[in-house]
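Right, one structure below, let's go through it.
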Amino acid sequence: MEMGKMLMSAVSVLFVTLFLNLANGQDLTGDPLVVRTAEGYLKGSILISRKGKSIYSFRGVRFAQPPVGNRRFKAPVPLEPWDGVKNATADGFACPQPEANTTIPTSEDCLFLNVYTTELPSNGSNPNRSVMVFFHAGGWFSVTGVSAIYGPQYLMDQDIVLVTTNYRLAALGFLSTGDEVLPGNYGMKDQVATLRWVKENIAAFGGNPDSVTIAGYSVGGASVWLHMISPMSRGLFHRAISMSPSINTFWDVNGDPLTQAKKQAAVLNCPNNTSRQIIDCLMQKSAQEIASTYGDM
């Protein structure tokens, strides 16, 4: 009888402990490399900085649902919650682009980001470090935010949290007919989705959602300028670093998107008399077909 009471007491203590851990957003597995985001648990890995500091690395983290099927040429869709612990120890796919521009595997399912930090929250305390979100270069049609290109080894010798991210490229990211059929700027909307993810989740990685700096060079720098004037990005960052170019660079904005969309359709042997003809045909093409035609226009 006494043994039964002791067993019930132990079970009660275990239940209360698990409940309190869940309520506090703590890792239920006991693994220090597992963090809890708004959607579910992620398991990271350890990298080493240039000066020998340990970096908690979370790579291949989804920040939106895959932009495939009927989500092609649409604004990014928020994630659904998941059960269990997702692996975040390897980079996700790069977004489709002309094949000569990358040796990194690509897929239309490419909306991934990486998070790097040198200190995670523990025992109810949070390092509350400033955050840098970096947008990659590549002319709007190439490159990716993966660690092989934009790794953390230098920046993470500083006490910050670093986020690098993908966004859709070329026609898959920016094709527009200038109307409601193909409104365009999906790649920029992916960047906004990254910033929303950061605002909601970065505290779980030791970051301060009220101290976010966006940064980039080339089209990454142009992205920074565009976020500075976009109402969609308002309240999602607090400082900006544009290493190049200026906001009025000619390739930042397409003044005649419909003509570009018609050229894209013609290269892929699609009818282009109406916006609906263009999108209906392009929805039947592979992502790589669409991405690879950039240099033909």
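Given the alpha-carbon gyration tensor of region 164-290, what are the semi-axes of its equivalent ellipsoid in whole angstrom, ordered largest first, with each equal to the square root of 5 times an eigenvalue?
Values: eigenvalues 199, 53, 28 Å².
So the equivalent ellipsoid measures 32, 16, 12 Å along its semi-axes.
Lysine pairs in the chain with alpha-carbon atoms under 29 Å apart, 8 or more places apart or on different chains: how many are there? Lysine pair count for the chain: 21.
Efficiency by 1/(1 + (r/R0)^6): what FRET value for Lys199 and Asp159, r their Cβ-Cβ distance, R0 = 22 Å, to the nearest 0.05?
Working: r = 20 Å, r/R0 = 0.93.
After rounding to 0.05, the efficiency reads 0.60.
Taking amide H atoms as placed 1.01 Å from N in the peptide plane, the amide H of Ile241 lies under 5 Å from those of Ile214, Ala215, Gly216, each 5 or more residues away in sequence or on another chain.
Evaluating 6.51 cos²θ - 1.76 cosθ + 1.60 at θ = phi - 60° for every residue in region 51-60, the Karplus couplings come out as 9, x, 7, 6, 10, 7, 10, 10, 10, x Hz, glycine and proline recorded as x. Over region 39-296, Cα pairs under 8 Å with separation of 6+ residues give a relative contact order of 19 percent.
At full extension, Asp109 and Ile149 could sit 12.5 nm farther apart than now, given 0.36 nm per residue minus the alpha carbon distance.
Here the contact order of region 128-179, divided by its residue count and restricted to Cα pairs under 8 Å and six or more residues apart, works out to 45 percent.
Pairs of Cα atoms under 8 Å, at least six residues apart: use those to get the relative contact order of region 68-146, whole percent.
Across region 68-146, relative contact order equals 30 percent.
Taking each full run of DSSP H in the chain as one helix, which ones are at least 18 Å long along their axis (Cα atoms) and have mean Kyte-Doolittle hydropathy of at least -1.0? Kindly include the intermediate steps, with their values, before the conclusion.
Details: long enough: 2-23 (32 Å, 1.50); 186-201 (22 Å, -0.86).
Both cut-offs are met by 2-23, 186-201.
Given that compact globular proteins tend to follow 2.2 N^0.38 Å, what is the ratio of the alpha-carbon Rg of the chain to that value?
For the chain, the normalised Cα radius of gyration is 1.14.
For the chain, what does the helix formula give at 222 nm: sum of -39500 (n - 2.57) over DSSP H segments with n ≥ 4, over the residue count, nearest 500 deg cm²/dmol? Mind showing how you got there, number by number?
Numbers: 7 runs with 79 residues, N = 297.
Helix-only estimate at 222 nm: -8000 deg cm²/dmol.
Once the C-beta distance of Trp82 and Lys51 is scaled by a Förster radius of 41 Å, the resulting FRET efficiency is 0.70 to the nearest 0.05.
Taking R0 as 51 Å, what FRET efficiency do you get between Thr89 and Asn273 from their Cβ-Cβ distance, rounded to the nearest 0.05? FRET efficiency, Thr89 to Asn273: 0.55.
Computed from the coordinates by the stated procedures, all read-outs in this text should not be read as laboratory data. Quick caveat, the model's predicted, so the values are computed rather than measured. Here the Cβ is made from the backbone with ideal geometry for all residues, glycine too, and neighbour counts use every protein chain on show.
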